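What follows is a short report on a single structure.
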Amino acid sequence: MDTPVLIAGGGPVGLATALELAHHGVHSLVVEPRAEVSWLRPRAKTTSARTMELFRRWGLAAVIRERAPLPVSWSDEAVFATSLLGREITRFRGCFGLDLTGDDLVAEPGQQVAQPLVEQVLREAVEASPYAMLLTGWRVETLREDAEGVSITLRNDGTLRNDAALRNEEQRTVRAAYVVGCDGSRSVTREAIGARYEGRDDARPNFNVVFRAPGLAERVPHGPAVHYWILSPSQPGLVGRLDLADTWWCIGQGVTREEADPLGLVRALVGDDIQAEILATDPWKARMLLADRYASDRVFLAGDAAHQNPPWGGHGFNTGVGDAVNIGWRLAAVVNGWGAPALLHGYEAERRPIAQRTIAEAARNMATLSPELTDPRLAGDDATFKSARPGVAAAVHRAKDSEFHSLDLVLGYTYAGSPHVSTGAGERLPHRWLAPGVSLYDRLGKAFTLIGDSSTLAAADITKVAAELSIPLTTWHDPTRVGLALVRPDQHVAWTSTTADEDGRTALLRATGAHPDGRRNVRMGLVGN
């Protein structure tokens, strides 16, 4: 094999997959057509608390926070107003887990940061890793899978390449044991395994604008906010800051590419004929799509190649990172020899239902946007606005609360019902701080961790079988804990002695794919939410 794992696509999800593999000492090759990160289309702007916890495992959470233009302490609020410079209608606080710094609930709060910056940090980490290689200027053209591996044809994209040995070639065939397709909505890997999207596009158009407006921030009367929702009959939409200088983004809802006037759109949402420099535009429609299957025997889909959902709530990119960690540790276990091949079958069973739930919740968020919340009376005189405001504010809170306060989805999803999780387990390990700045998660091993009283016979039995089978197992002695808990590499609980109907030895076999139950065909969406 040229590489144990080839990753098609070097966006955030592909890079995250490479970093998870590297976390476990497994080599990978990431193939990405773009030579550089695309900075002027910020796309996702919310990195969830859960994703930041996963980044912490790789030592990158602090790096992202240090480089993020908007510090997490800047704001956790969303403001609804008649325009950016107009009258406030209502606001939400504690949005997107941005208020959780130091809270026992999480190891990391959420972070407002544009996707390109996250991607750049991940790209630099991949380039610095001895286990990952990023090959730019090339794309995956075809895949051919057989019983021993996958043959991948790479096509030179005609752009700058960072491998001199390949610079003058137009095509090359690479051999890999496994492929992870992180190649987006037009995925070659999805087509190669015969998977197809199911779902629909939303009919309503949207138009993004990134612009520079010096002096605008000082004029905003509402104070800091991560989002300013504009409820205006003439032009509904959203506005937000990309940095604490002069760079902003906005979304015009109901605006098509053909009718778009970018500067006019900015001025309508701001509520004044400001001078603004248009930096980028991006027309789009929301998509609610889910692949009917996530995998063949050796090829796996992750991120947009597997699912697409509306951006309302900020879950799409974060769901993709969850995919990357889930398939990454499984592949690492198999490549490193302590995971049975059947462990790979649990990826689809665990992650597809999570994406299905995420799509459904994002679609519910999308059902009521600025156009639906706007009341013409809000544009009237002060008395008319005052009479309309309470009813509109109440409608906003009924419709949008779950969009801004979604920790049940972000932190509360479970893998219960997975063939590789014992009865009564599957949830994310409850977090707590052991000391200032020291998280329980910081004490977990890279592979499995046994938490509880390590002096018990049950703990000794699990430790013994792990040693016999060369399964990496860290023990965290906590005599105050009731029972034992076996924690997976992704910080989800595989087994607890207080809830499961099987012993720890059997649970460890199940968690690594060696138990007979874990070798059954599980591509049927077994996991509960």
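Throughout, read-outs are computed from the coordinates displayed, never taken from laboratory work. Only a predicted model underlies this, so the values are computations on that prediction, with no experimental measurement involved. No Cβ is skipped: glycine too gets one built from the backbone with ideal geometry, and neighbour counts run over all protein chains shown.
Annotations for the structure displayed:
- Here Thr463 and Arg204 are evaluated by their C-beta separation; at R0 = 56 Å the FRET efficiency comes out at 0.50.
- On full extension, the segment bounded by Arg212 and Glu259 gains 14.8 nm, given 0.36 nm per residue less the C-alpha separation.
- Prolate/oblate/rounded label for segment 10-135 (Cα gyration tensor, a/c 1.5): oblate
- Part-to-part distance (alpha-carbon centres) for segment 192-262 and segment 119-138, which is given in Å: 30 Å
- Mean Cα-pair separation over length for the chain, i.e. relative contact order, pairs under 8 Å, 6 or more apart, %: 16 percent
- The H on the amide N of Val180, modeled in the peptide plane, is under 5 Å from the matching H of Leu6, Ile7, Ala8, Phe300, each at least 5 residues off or on a different chain.
- Potential lengthening between Gln171 and Asp243 on full extension [0.36 nm per residue; Cα-Cα distance subtracted]: 21.8 nm
- Karplus-derived 3J(HN,Hα) values for segment 79-91, using 6.51 cos²θ - 1.76 cosθ + 1.60 with θ = phi - 60°, are 10, 10, 8, 6, 6, 4, 9, x, 8, 7, 9, 6, 8 Hz; glycine and proline are entered as x.
- Modelled spin-label separation between Ser38 and Arg155, with each label point placed 7 Å from Cα along the Cα-to-Cβ direction: 1.7 nm.
- Remark: the Asp273-Asp99 segment gains 59.2 nm on full extension, using 0.36 nm per residue and subtracting the alpha carbon distance.
- Taking θ as phi - 60° and the Karplus parameters 6.51, -1.76 and 1.60, the scalar couplings of segment 413-422 work out to 5, 10, 9, 4, x, 5, x, 10, 10, 6 Hz in sequence order, x denoting glycine and proline.
- Estimated FRET transfer efficiency when R0 is 35 angstrom, pair Asp2-Arg186 (beta carbons, to 0.05): 0.90
- Each peptide among 206-219, 85-98 gets the average number of other Cβ atoms lying within 10 Å of its residues, and from highest to lowest they stand as 85-98, 206-219.
- Global form of segment 299-425, assessed from the alpha-carbon gyration tensor, a/c cut-off 1.5: prolate
- Prolate/oblate/rounded call for segment 433-511, Cα gyration tensor, a/c under 1.5 rounded: prolate
- Taking amide H positions as modeled 1.01 Å from N, with prolines and chain starts lacking one, the residues under 5 Å from Glu427 and 5 or more places away or on another chain are Tyr415, Val493.
- Sequentially through segment 26-40, phi angles give Karplus couplings (6.51, -1.76, 1.60; θ = phi - 60°) of 10, 6, 8, 10, 9, 10, 9, x, 6, 6, 10, 5, 8, 7, 8 Hz, Gly and Pro residues having no value and appearing as x.
- Inter-site label distance for Arg481 and Trp284 at 7 Å from Cα along Cβ, in nm: 4.0 nm
- Amide H contacts under 5 Å for Leu473, placed H, 5+ residues apart: none
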